[in-house]
Amino acid sequence: MVWPLAAALVYALVVHFGGRTVLDPYYAILLVTIGINITLAVSLNMVNGFTGQFSMGHAGFLAVGGYACGIVTYYGSAKVFGSTAMRQGQLCGMPLETAGLPFLGGGEWFFLLALLVGGLVAAGLGYIVGLPSLRLRGDYLAIVTLGFGEIVRVVIQQSGKVIKAGGGKSAEQLIRDAPLYTLPGSVGGSLGFDNLPKYTSLFWAHLAAAATVLVAYRLKSSTYGRAFLSIREDEVAAEAMGVNTTKFKVRAFVLAAFFAGVAGGLYGSTLGVALSPVDAGFQKSFDIIIMVVLGGLGSISGAVVAAVVVTLLPEWLRGVAEYRMIIYALTLILLMIFRPQGLLGVREAWEMPLLRKWMGGKRGGT
Amino acid sequence: MDQLLQTIKDGISMGSLYALIALGYTMVYGILKFINFAHSDVVVLGAWLSLVMADTTTRALGGAGAAGAPWWLGGAVLVTAMVACGLIGFTIERLAYKPLRGSPRLNVLITAIGVSLFLQNTGQLRAVFGTNPRSIPPLIHDATLLTVGQVNFKLLDLIGFGTAVALMIGLDYLVFHTKLGRAMRAVSHNRVTASLMGIPVDRVISFTFVTGAMLAAAGGFLWALKYETIKQPADSSWVLLGLKAFVAAVVGGIGNVRGAMLGGMAIGLLENFGSAYLSSSMKDVYVFALLIVVLLVRPGGILGKAVVEKV
Amino acid sequence: MGNALAPEVDGREAGRNVSGAVLDISGVCKSFGGLKAVQSFSLRLGPGDLQGLIGPNGAGKTTCFNLLTGVYRPDAGSITLCGTQIVGMRPNSIARCGMSRTFQNIRLFGDLSVLDNVRVGGHLRVRHSMFSAILRSAGSRASEAAMRRRAMSLLTFFGLADRADEVARNLPYGDQRKLEIARALATEPTVLLLDEPAAGMNSGEKVALRDMIRRVRDEFKVTVLLIEHDMGLVMDICERITVLDYGETIAAGTPAEVQANPKVIEAYLGAEEGVHA
């Protein structure tokens with residue numbers, strides 16, 4: 001029970017300090033993005049892969065989590081610390097000497113709280129959206145969730161300006177003067193919610209990724225995970241065996257929304273990212289879907305591998321950037337025709353026949 | 001009073017466009033039971049093809065603008081765009097969807113997303129349509145035909161509405177009064193039995209895609225005429241357009257041709273009344289709210305179960 | 001062996017044996033559009049009964065199972081399972097109340113392993129929460145281990161233990177049928193509904209199946225209702241048989257009584273020569 005958590009922590013620490021020493025800023029941020037994308041892909045996999053439902057609005061939860069987290073770190077910081085600026089924390093991507101701040105300084109714990117708020121807000125919304133729509137047939141769910149993402153985008157676009165310094169007053173003064181209830185609505189509209197404190201570091205991004213993978217794996221290998229999978233396999237039979245299919249679908253959906261919200265918080269607080277309504281849109285959702293389908297619906301290790309590949313691919317394809325999405329699209333089509341189960345299908349990498357042979361024995365099971 | 005009239009007019013003209021596009025979704029869903037996500041991209045293709053053709057022909061004919069364009073040019077562009085999109089619809093079905101006959105519905109859905117992304121991003125290429133919004137040159141002088149109060153009824157309004165209605169009547173005739181239409185309904189009802197009865201199922205499915213794509217092209221053409229600027233192929237407004245048309249199909253009763261027409265009108269009117277009398281910035285929200293309500297209260301849609309005959 | 005045929009009627013009048021019946025179905029009707037699929041279907045199963053439900057194709061047998069398990073909702077009538085009125089409950093709640101079933105057209109979880117199929121059946125008896133499964137608390141681990149042991153012993157009972165790690169879809173047909181029964185038993189049912197368990201089996205397998213159904217009833221202390229086309233099998237093991245035709249109950253009684261009933265013979269004539277297939 002304790003060891004995997006410790007392992008996740010150690011992993012995140014190794015990536016953090018290893019990454020910061022070895023990588024230059026550009027690649028460090030790319031590595032942060034990999035962590036965020038792993039979180040997104042593995043969490044969407046809980047819905048689309050485990051329960052076989054098809055959500056197309058994962059980016060909606062990403063954006064909601066990102067904005068909620070941003071509201072806490074920006075306006076919350078102003079209220080709590082009296083400043084909207086970042087309070088300690090290690091700017092990821094910056095060389096050690098310039099950022100030379102203590103690891104896990106005071107503001108970072110506040111950031112952790114903000115991430116959890118982002119996740120919980122997204123999860124709550126997931127419950128509200130999921131409860132009615134998960135009663136619907138699979139492809140209607142796709143439409144409803146796609147519509148949900150677009151609605152989030154439209155609603156965020158209607159929001160007011162971010163309260164920043166101006167008119168001779170500092171941002172902190174203006175925030176203090178503004179009524180509390182107006183703050184969540186002041187997130188920048190279509191201009192985006194910029195100048196958030198950039199707390200996201202390799203540590204937090206990869207801790208979230210490791211935690212998501214751990215939760216997903218433990219679920220999948222538990223009786224609850226088997227109940228999820230049974231829905232995907234045969235909903236009628238699952239019901240007849242006593243699985244409350246609606247309840248389980250909603251559970252998977254809410255859990256996935258939570259992690260997407262956390263990932264959104266990390267994304268919005270990454271150096272060089274300005275959170276904007278576009279992040280809630282279908283294009284972002286499609287990116288995540290591509291990772292999940294590519295890796296194999298239901299396979300956690302597949303989703304991880306696909307998240308890494310899909311994040312790095314634009315780097316390799318930079319010469320033909322225009323064709324990147326076309327290549328994705330063709331990959332999806334060809335995959336469905338020739339290998340519809342994706343890279344790994346429902347199985348994990350270590351369960352593949354070839355690897356099993358190498359390892360000379362069976363693993364997995366309980 | 002003027003506002004009411006204007007809203008009704010806008011609602012109907014928008015609704016007829018939604019209906020035209022919804023027909024393609026509903027026909028494909030009726031026959032293959034999957035959401036053809038790429039349908040809205042065929043609409044985009046229709047709009048852009050119309051634009052490029054109108055642009056090149058008016059330029060070739062020497063004068064830009066309505067005065068220089070002969071009266072038949074609009075019709076010619078429409079027909080060409082429809083034929084071209086029909087061919088593309090045929091190709092998509094044969095290459096991407098046909099190999100998946102009998103696979104799980106999720107796989108077909110993912111393929112449709114793939115096709116949609118493919119069309120969007122191919123259209124974005126510099127060599128194809130590019131990423132800059134453009135506008136179609138005027139093909140016809142937009143004379144005001146009738147003015148009631150402050151509301152103008154223009155020639156383009158009439159042409160747009162007339163074309164949509166004519167196409168829908170044509171489709172209704174095709175589906176309910178021809179042998180081919182009967183074959184389509186039979187395939188929709190039960191594909192296996194239909195093939196046992198000697199109906200060439202693959203050909204009927206192809207034909208359905210071609211018809212849907214042609215109607216989508218017409219929708220794109222009318223859209224191009226109606227709006228000043230045509231946005232880049234991967235713009236999110238196109239996806240929203242497609243989504244709303246799909247919502248129209250669901251609201252009317254998916255798989256039901258007349259339901260799609262009704263649903264389209266309902267969505268068009270709802271959207272325009274909502275933006276005129278409530279708040280225009282939330283107009284997309286009304287449509288999805290309606291979708292949720294319909295799915296929860298009457299999952300089959302308005303005409304879902306009432307009409308047995310489905311396509 | 002729990003075959004309380006005679007006292008049933010008296011018991012009902014005395015209002016005493018109502019609680020004695022494990023499953024009490026009375027006056028259940030269902031129609032689809034104009035088609036009356038099942039008409040005033042009544043049946044009582046006592047503890048440990050092994051009864052049969054037969055009838056020509058399309059007689060409404062599987063519809064009855066679907067009504068009992070909550071897949072369809074009856075238009076009228078009442079179904080009481082261990083004293084609980086289950087009409088209108090969702091299938092998963094009915095399973096929780098103690099009714100489990102197999103499917104005529106096998107519906108296993110094809111991509112899951114044989115062991116996992118059985119463990120899904122055991123899920124509804126699990127006590128630990130999803131949260132403790134994520135934390136992998138000591139309680140959850142003990143519960144998972146117990147579940148695995150139970151599932152393995154069920155697989156051993158059905159002779160499937162050595163195929164536990166295989167993917168269910170790869171099992172031969174006869175084993176898939178057995179796995180469905182194992183999965184249904186994993187829910188710890190009081191009443192087990194078997195929908196044509198012998199379909200597609202050869203005569204040797206059928207003999208084995210006959211013994212197995214009896215052993216299932218005795219070892220797991222379940223009440224069994226069996227739909228079966230193989231008359232030999234039904235007549236052999238069922239203590240009481242109900243015959244449906246066009247949704248109507250045309251006969252009910254012991255195998256001998258049913259076989260002698262002219263209505264039954266008439267219903268089967270044309271399709272088969274007499275009741276013995």
(request) Would you calculate a helix-derived [θ] at 222 nm for chain A, using -39,500 (n - 2.57) for each DSSP H run of n ≥ 4 and dividing by the full residue count, to the nearest 500? (result) -20500 deg cm²/dmol
(request) For the protein assembly as shown, build the charge dipole from Cβ charges (+1 Lys, Arg; -1 Asp, Glu) around the Cα centre, then report which of A:Tyr181, A:Gly167, A:Ile300 sits farthest towards its positive end. (result) A:Gly167
(request) Distance between Cα centroids, region C:173-237 to region B:139-175: provide it in whole Å. (result) 68 Å
(message) Quick check on chain C: helices-only [θ] at 222 nm, where DSSP H runs of length 4 and up contribute -39,500 (n - 2.57) each and the sum goes over total residues. Nearest 500, please.
(response) -12000 deg cm²/dmol
(request) Compute the FRET efficiency between A:Thr246 and A:Leu334 as 1/(1 + (r/R0)^6), taking r as their Cβ-Cβ distance and R0 = 35 Å, and round to the nearest 0.05. (result) 0.50
(request) For B:His189, C:His229, A:His206, B:His141, write out the residues from largest to smallest accessible area, computed with a 1.4 angstrom probe and no ligands counted. (result) B:His189, B:His141, C:His229, A:His206
(message) Using protein chains only and a probe of 1.4 angstrom, how many square angstrom of B:Lys33 are accessible, to the nearest 10?
(response) 80 Å²
(message) How many Å² of accessible surface get buried when A and C come together, counting both sides, probe radius 1.4 Å, rounded to the nearest 100?
(response) 3100 Å²
(message) If you roll a 1.4 angstrom probe over the protein chains with everything in place, what fraction of the accessible area of chain C belongs to carbon and sulfur, to the nearest %?
(response) 51 percent
(request) Give the shape of chain A as rounded, prolate or oblate, defined through the alpha-carbon gyration tensor: a ≥ b ≥ c are the square roots of its eigenvalues, a/c under 1.5 means rounded, and otherwise the shape is prolate if a/b is larger than b/c and oblate if not. (result) prolate
(message) Once you place label points 7 Å from the Cα toward the Cβ at A:Leu104 and C:Ile265, how far apart are they in nm?
(response) 8.7 nm
(message) Ignoring ligands, DNA and RNA, please state the percent of accessible area on region A:114-230 from carbon and sulfur, probe 1.4 Å.
(response) 65 percent
(message) Below 8 Å, C-alpha to C-alpha, sequence gap of six or more: please give me the relative contact order for region A:2-281 in percent.
(response) 40 percent
(request) Beyond 24 Å between alpha-carbons counts as too far, so tell me which of A:Lys284/B:Lys226; A:Lys161/A:Lys198; A:Lys79/A:Lys198; A:Lys284/B:Lys33 fall in that bin. (result) A:Lys284/B:Lys226; A:Lys284/B:Lys33
(message) Nearest 10 degrees is fine. How inclined is helix B:236-252 to the longest principal axis of chain B, computing both from alpha carbons?
(response) 60 degrees
(message) What distance in nm lies between label points placed 7 Å from Cα along the C-beta direction at C:Asn202 and A:Phe17?
(response) 6.7 nm
(message) Per 0.36 nm of contour for each residue apart, how much would the distance between B:Arg105 and B:Leu174 grow if the chain were fully extended, relative to their Cα-Cα spacing?
(response) 22.0 nm
(request) Among the lysines, select those whose C-alpha is under 21 Å from the C-alpha of B:Lys179, and discard any that sit fewer than 8 residues away in the same chain. (result) B:Lys310
(request) Let me know the shape class of chain C, please: from the alpha-carbon gyration tensor, a ≥ b ≥ c as square roots of the eigenvalues, rounded when a/c is under 1.5, otherwise prolate if a/b is greater than b/c, or oblate. (result) prolate
(request) State the number of lysine pairs found in chain C whose Cα atoms come within less than 18 Å, restricting to pairs 8 or more positions apart or on distinct chains. (result) 5
(request) Pop a pseudo-label 7 angstrom from the Cα along the beta-carbon direction at both A:Asp24 and B:Asn152 and give the gap in nm to one decimal. (result) 5.9 nm
(request) For an R0 of 51 angstrom, estimate the FRET efficiency from the Cβ-Cβ distance between A:Val10 and A:Val236 and round to the nearest 0.05. (result) 0.70
(request) Work out the length of the dipole vector of chain B about its Cα centre, built from +1 on the beta-carbon of each Lys and Arg and -1 on the beta-carbon of each Asp and Glu, and round it to the nearest 20 debye. (result) 980 debye
(message) Using the crude model of +1 on Lys and Arg Cβ and -1 on Asp and Glu Cβ, and no other charge, please compute the dipole size for region A:2-281 relative to its Cα centre, in debye to 20.
(response) 380 debye
(request) Please calculate how many Å² of accessible area region C:163-248 carries per residue, with a 1.4 Å probe and no DNA, RNA or ligand atoms counted. (result) 36 Å²
(request) Compute the signed sum of charges (Lys and Arg +1, Asp and Glu -1) over the other residues within less than 11 Å, Cβ to Cβ, of B:Val108. (result) +3
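Apply the a/c threshold of 1.5 to the C-alpha gyration tensor of the protein assembly as shown and tell me whether it is rounded, prolate or oblate.
oblate
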(request) Putting +1 on Lys and Arg Cβ atoms and -1 on Asp and Glu Cβ atoms, find which of C:Pro172, A:Gly342, B:Thr208 reaches farthest to the positive end of the dipole of the protein assembly as shown. (result) A:Gly342
(message) Tell me the angle of helix B:201-226 to the major Cα principal axis of chain B, expressed in degrees between 0 and 90 and rounded to the nearest ten.
(response) 20 degrees
(request) Determine, from the Cβ-Cβ distance of B:Leu4 and B:Ala166 and an R0 of 41 Å, the FRET efficiency 1/(1 + (r/R0)^6), rounded to the nearest 0.05. (result) 0.90
(request) Return an integer: the convex hull volume of the alpha-carbon atoms of region A:116-204, in Å³ per residue. (result) 144 Å³
(request) Over chain B, calculate the relative contact order: mean separation of alpha carbon pairs under 8 Å at least 6 apart, over the residue count, as a percent. (result) 36 percent
(request) Place a +1 charge on the Cβ of each Lys and Arg in the protein assembly as shown and a -1 charge on the Cβ of each Asp and Glu, then give the dipole magnitude about the Cα centre in debye, rounded to the nearest 20. (result) 1060 debye
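The values are calculated or read from the model by the stated rules, or taken from the named source; none is laboratory data. Small disclaimer: the values here were computed from a predicted structure and weren't measured. Here the Cβ is made from the backbone with ideal geometry for all residues, glycine too, and neighbour counts use every protein chain on show. What goes into the accessible areas is simple: the full protein's heavy atoms, side chains included, and nothing from ligands, DNA or RNA. Shrake-Rupley method; radii C 1.70, N 1.55, O 1.52, S 1.80 Å.
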